[in-house]
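This report refers to the structure that appears directly beneath it.
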Amino acid sequence: MNPKIYFWLPRVALVTALFPFFALCLYNQPYWDDLSNAAHVRDFGLWHLQSKLYQEAGGRFVSMFLLTAANPLTYGWWNGVKATALLFCIATAATLWFGLRRLSSNHISRSQSAWITAILLLVYIAAIPDIHSSLYWFSGQVVHQIPMLLLIIVPVATALAHQATGHARWSWLGLAGVGTFVTGGSSELGIVQLGSVLLLALGLSIWRRQRTSVYVWAGLLTILGLTSIVHVLAPGNYARLTEEPARIPLQSKLMLMAVGQSLRLILWQPTVLLLLAIPVVLSPHADMLQRYRPVGMRIPLPISALVLLLGLVAGIVLMLASLGGPPLLARATNVLIWWILLGWCAACWAALPAHSQPSKPAPMTTRTVVSILLLVMTAAPAIRAWQELLADAPEWARQCDARLPIYRAAAGHHAVLTVRPIVGVIPRYVLVRGYDIQPGPGHPLNLATAAYFNLDSVRTGGPVRPAF
């Protein structure tokens, strides 16, 4: 067989598998908090709303600002969620690519970085329990996706600052500082994960007696600590505690059991176990990665693995304490999967021996078996994404958009607006998850839709009322 086929076939397969996930952004629709946050801006004003949310909703002051000020629905741009979804998808791929290129001082070629990025992104999509919230839901992306990307950007920017001089050095340090501040004001999980990385880097710098690095990492930890204090002390956090069910005591046997159950549910899954085999597939590049690894990144695997496990456990404890017990939110589990995937790949990269000791790739048989298993794992969501793109998503978006004139015509009427339900669409759980307003007007999505369109209430079922 022509050797070029072996070169191009996996690349064509990767592009084919990833394309529908990006293309589905063109059929995206606003969902839940997207609608209610835009309605709140209209009702309270942007700046007054920030104070109100901090007092009543919680301490995510950065993400709350972005959820309202950067929300396309705030400006009446209904189709803006299509653009923001595509932007986040591109930003996720670009951040992975940027991290690989810059950490290797651009020695890893653009094409090699692109294919490694494609593999990591496709495996991540296949492993997470809720594709919709990571790829298409604006509110979910602002709260979780931005800190996930900053988990790459902050360490990479700091590493580049160590290599640069003059204005470039301060620019990279500024980017790392801003990224740390945004993480501290956006996500509790982001604080735990970025804090774990910064503490590891600080500890290594102290051990190696690298005074300049100690100051840099300590400064970033200070920024994260101060913003976290503002985050934690928000009156809205305690207001929610009084309104919601009692949490599990942090020191109780029940919490330990819940942590163990959550760890088992996350880790003891074929898809997650396969994440740990990604370095086997990338092992042919081990020699290159070894040569161009950043100075100071060499870390024994047990240390990196311990930090990775502690970060995972801390994230689970945080989620359990805030939710009142298992199961974990699917969108939070997405973040933990990201932590496992990137953390394990980084740990294996850091554990490669010194440059003077050449690395050998995994045996061809092992790589083939792992590649086949990963192909099976990623094929299922890719096939569902193609089914949605070709059959379900266009019809789903058409029926959703057909309601817009009805909503707008009914604005201000004091009655229950009834619209036809979505019919003839099969949810494949990629973009189309079956989300729709319900027959009962008290459902949160119904309430958010009614608030955005200035309606008393809205529901599905039966023909549209003639008055509307």
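The values are calculated or read from the model by the stated rules, or taken from the named source; none is laboratory data. As the structure is a computational prediction, the values presented were derived from the model and not from experiment. Positions of Cβ are backbone-derived with ideal geometry, glycine not excepted, and every protein chain shown enters the neighbour counts. What goes into the accessible areas is simple: the full protein's heavy atoms, side chains included, and nothing from ligands, DNA or RNA. Shrake-Rupley method; radii C 1.70, N 1.55, O 1.52, S 1.80 Å.
Here are the numbers:
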item: Within the chain: Cβ-based charge dipole about Cα centre, in debye rounded to nearest 20 (Lys, Arg +1; Asp, Glu -1); result: 1180
item: On Cα atoms only, tilt of 301-323 relative to the major axis of the chain in degrees; result: 20
item: Derived scalar couplings ³J(HN,Hα) [the stretch 69-86; Karplus, 6.51 cos²θ - 1.76 cosθ + 1.60; whole Hz; x for Gly, Pro]; result: 6, 9, 6, x, 5, 4, 9, x, 8, 4, 7, x, 5, 5, 5, 5, 4, 5
item: For the stretch 268-386, accessible area per residue (1.4 Å probe, heavy atoms of protein chains only), Å²; result: 47
item: For the stretch 178-226, accessible area per residue (1.4 Å probe, heavy atoms of protein chains only), Å²; result: 46
item: Helix axis angle, 146-163 relative to the chain longest principal axis, alpha carbon, degrees; result: 30
item: Under-5 Å amide H pairs with Gly58, H placed in peptide plane, nonlocal only; result: Gly236, Asn237
item: Derived scalar couplings ³J(HN,Hα) [the stretch 328-341; Karplus, 6.51 cos²θ - 1.76 cosθ + 1.60; whole Hz; x for Gly, Pro]; result: 6, 5, 4, 5, 6, 5, 3, 5, 5, 5, 4, 4, 5, 4
item: Amide H within-cut-off set for Ser104, under 5 Å, with H built and near neighbours excluded; result: none
item: The stretch 360-397 and the stretch 442-458: distance between their alpha carbon centers, rounded to Å; result: 38
item: Pairwise centroid distance, computed over Cα atoms, of the stretch 67-114 with the stretch 120-145, Å; result: 13
item: Accessible area per residue in Å² at 1.4 Å probe, computed on the stretch 8-100; result: 44
item: Percent accessible area from carbon and sulfur atoms, the stretch 99-167, protein chains only, probe 1.4 Å; result: 59
item: Selected from Ala38, Ser109, Thr74, residue furthest toward positive end of dipole (the stretch 1-160; charges at beta carbon); result: Ser109
item: Calculated from backbone phi, Karplus (6.51, -1.76, 1.60) coupling profile of the stretch 378-395 in Hz, x at Gly/Pro; result: 7, 5, 4, x, 5, 5, 4, 5, 5, 4, 5, 4, 8, 10, 9, 4, x, 5
item: Phe88, Phe21, Phe61, ranked by accessible area, largest first (probe 1.4 Å); result: Phe61, Phe88, Phe21
item: Surface share of carbon and sulfur [accessible, 1.4 angstrom probe, percent] for the stretch 350-468; result: 65
item: Packing rank of 330-343, 113-126, 271-284, 432-445, where each peptide gets the mean count of other beta carbons within 10 Å, highest leading; result: 330-343, 113-126, 271-284, 432-445
